[in-house]
Amino acid sequence: MDLSPGVILSYLKTHPNLETMSSARLIDGKAISAQIHSETKARTQALKERHGIIPGITFVRVGEDPASRAYVRMKGAKAEELGIHSDTVVLDEATSQAELLALIDKLNRDPKVHGILVQAPLPKHIREDEIFSAIDYRKDVDGFHPVNVGKLLLGQNPLFKPCTPAGVHELLIRTGVSISGAEVVILGRGNIVGKPMAAILLQKDKHADATVTLLHSRSKDIAGHCRRADILIAAMGQARFVKAGMVKPGAVVIDVGVNRIDDPQAKNGYRLVGDVDFEAVSQVAGAITPNPGGVGPMTIAMLLSNTARAAELAVKA
Ligand code: GUN
């Protein structure tokens with residue numbers, strides 16, 4: 001092949017976008033979650049061999065939200081693969097808050113149950129915050145109990161960190177992204193991802209120490225903030241919101257979003273897309289998570305790692 005400068009220049013003239021096009025490195029959440037799963041499996045084997053303990057998690061689902069059904073099914077199947085016993089309690093949509101609290105009280109007192117996960121969203125008549133506060137904080141594998149959230153913010157080693165932001169943090173650490181001193185911009189201030197993500201990355205720690213900006217629906221100049229980010233984390237739940245023009249060349253882009261969009265071609269009439277316009281952004285970013293296959297598998301990995309930890313703590317107690 002003739003790759004002399006003259007030939008390359010004439011090729012570039014006929015392909016004007018080529019100079020600026022490059023493909024970002026893919027951050028492989030499937031491969032990294034598989035590593036974490038194998039570590040968790042080794043821990044569950046050690047618990048069984050040394051202490052005769054099988055870690056147990058109970059999922060509670062209220063109503064028949066299709067996404068929640070799928071998530072709980074996937075989490076339960078993976079748990080069993082790793083030597084974690086899992087039970088799922090399905091309650092009717094009309095279940096009262098008092099009934100749900102009574103179930104949590106029973107699970108709190110059951111020594112075979114090391115972790116409890118009440119799948120959100122819950123029906124409108126149930127106060128999610130009261131439910132998460134009622135779970136014994138030592139069984140709070142979701143990391144949503146105020147004691148664990150408070151300790152996370154204070155930098156006091158919470159027993160458990162929320163699974164999705166903890167998974168994003170692991171992705172960054174295990175792909176060698178430098179976080180210390182980095183400009184991190186997080187889109188979305190939800191309790192499940194945005195707020196705990198900020199709390200994790202701003203701690204005084206060699207794997208944190210970032211300068212964190214948290215953007216939300218009332219923020220001004222969102223694109224301008226995003227363009228300053230070395231690490232951009234999209235978790236606001238709007239399909240393909242992050243466009244190529246909002247990303248600094250070479251930045252690390254993490255897509256947490258799971259959004260349904262209509263797709264007449266698809267079997268069920270919809271498909272899932274992230275908060276990032278992947279095709280365009282991957283031409284500008286230095287590294288990017290695919291979606292699916294990026295953050296999603298990490299959430300499950302952190303949940304099951306948390307469950308092994310809950311059982312390890314119960315042994316020590
Ligand atoms: N709904 C969406 N994400 C989560 C999660 O991490 N935990 C629970 N319990 N519900 C969710």
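With both labels modelled 7 Å from their Cα along Cα-to-Cβ, the residue 67 to residue 239 distance reads 1.2 nm. Working ranking of peptides 210-223, 248-261 by packing, defined as the average number of other Cβ atoms within 10 Å per residue, highest first, is 248-261, 210-223. Whole-Hz Karplus values for segment 101-118 come out as 5, 5, 5, 4, 4, 5, 5, 4, 8, 8, x, 7, 8, 8, x, 10, 10, 9 Hz, taken residue by residue from phi with 6.51 cos²θ - 1.76 cosθ + 1.60 and θ = phi - 60°; glycine and proline positions read x. DSSP bridge analysis restricted to segment 171-295 gives an antiparallel fraction near 20%, rounded to the nearest 5. DSSP beta bridges confined to segment 20-133 are antiparallel in about 0 percent of cases.
Full extension of the chain between residue 120 and residue 174 yields a length gain of 16.6 nm, computed as 0.36 nm times the residue separation minus the alpha carbon distance. Measuring between their Cα centroids, segment 247-303 and segment 50-104 lie 26 Å from each other. Each of residue 260 and residue 102 was given a label point 7 Å from its Cα along the Cα-to-Cβ line. The distance between the two points is 3.2 nm.
Per-residue ellipticity at 222 nm, computed for the chain from helices alone with -39500 (n - 2.57) per DSSP H run of at least four residues, works out to -12500 deg cm²/dmol. The length gained by stretching the chain between residue 267 and residue 34 to full extension, at 0.36 nm per residue less their Cα-Cα distance, is 81.0 nm.
Expressed in units of 2.2 N^0.38 Å, where N is the residue count, the Cα radius of gyration of segment 271-317 is 1.76. Give the shape of segment 144-238 as rounded, prolate or oblate, defined through the alpha-carbon gyration tensor: a ≥ b ≥ c are the square roots of its eigenvalues, a/c under 1.5 means rounded, and otherwise the shape is prolate if a/b is larger than b/c and oblate if not. Cα axes put segment 144-238 in the oblate bin. In terms of its Cα atoms, segment 177-317 spans 52, 42, 29 Å along the principal axes, sorted from long to short.
In the calculated pair distance distribution of segment 63-165, what percentage of Cα-Cα distances lie above 16 Å? Of the Cα pairs, 61 percent sit more than 16 Å apart. At an R0 of 35 angstrom, the distance between the Cβ atoms of residue 26 and residue 315 translates into a FRET efficiency of 0.35.
Here is the tail figure for the chain: Cα pairs spaced more than 38 Å apart come to 19 percent of all pairs.
Values in this text are rule-based calculations from the coordinates and carry no lab data. If you're wondering where the values come from, they're calculated on a predicted model, not measured in any experiment. Here the Cβ is made from the backbone with ideal geometry for all residues, glycine too, and neighbour counts use every protein chain on show.
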